[in-house]
Amino acid sequence: MKKLNYEHSESYDCFVTNSVGIDLVVFECGYEKCDPFHCWGPERKQAHFFHYVISGKGRLYIEDQCYECGPGDLFYLSPREMAYYEADGSDPWEYKWVGFTGIRAESLIGNTLFPRQPLQHRVDSLEVQTHMDNIFTSFQSERTPNLLAVGHLYLFLAWITQQFPAKQYSKEDADEQRFLTMLRFIQLKYTTKVKV
């Protein structure tokens, strides 16, 4: 993984004021090496957010639940829930984050474990940081920063969905999916010469 040389705290705010009709858009992304007891909240985020803890420790509060976070942890914050998080006093965390919104954001997250289990431990550091770094560095492009960032965001969410699916798929699920694919094919092609 190519190591980016982040400053103490860096972020790109995309200032998305209206995501009506937009499938998916990066709302904000960044990096922070927090000071002891650095905190955010309590409030609701304006978009969907993932934070990845690189080092150090902190506490995350979502509604009435408290979670202890450490290196390798990935946590999700929903715009629907009140949240608060705080860096540890003696070993404050360092993390990267990405926030996103759009009309597909809710359904994409709904296909993962995160709405029910917002904290996942020991997540693949190389994968998460590569995706987040790609989103972050997209904003340094002169020509199409938003398009590049959204492309990398889709790749990140595809990886999240594969690694943390909402349910484990059985053989019956796979058979049903194949059956639905065949039905869709027939619906699209029934006016043509369909062969078996």
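In table form, for the structure just shown:
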{"read-out": "Ranked by how many other beta carbons lie within 10 Å on average, peptides 47-59, 107-119, 129-141 from highest", "value": "47-59, 129-141, 107-119"}
{"read-out": "Projected label distance in nm at residue 187 and residue 103, using a 7 Å step from Cα toward the beta-carbon", "value": "1.8 nm"}
{"read-out": "Cα gyration tensor shape of region 86-146, rounded if a/c is under 1.5, else prolate or oblate by comparing a/b with b/c", "value": "oblate"}
{"read-out": "Rounded FRET efficiency, nearest 0.05, which uses the C-beta distance separating residue 116 from residue 38 and R0 of 35 Å", "value": "0.80"}
{"read-out": "Cut-off 14 Å (backbone N to label point 7 Å along Cα→Cβ of residue 154), residues of region 105-146", "value": "105, 146"}
{"read-out": "When each of 33/57; 57/96; 57/167 is checked by Cα-Cα distance, pairs over 22 Å", "value": "57/167"}
{"read-out": "For region 124-135, 3J(HN,Hα) per residue [Karplus equation, 6.51 cos²θ - 1.76 cosθ + 1.60, θ = phi - 60°, Hz, x = Gly/Pro]", "value": "4, 4, 4, 4, 4, 5, 5, 4, 5, 5, 5, 5"}
{"read-out": "Alpha-carbon centroids, region 69-97 and region 41-61: separation in whole Å", "value": "3 Å"}
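Every number in this text was worked out from the coordinates using simple rules, so none of it is lab data. Values in this document were obtained by computation on a predicted structure and should not be read as measured data. Reconstructed Cβ throughout: ideal geometry from the backbone, glycine too, with neighbour counts over all protein chains shown.
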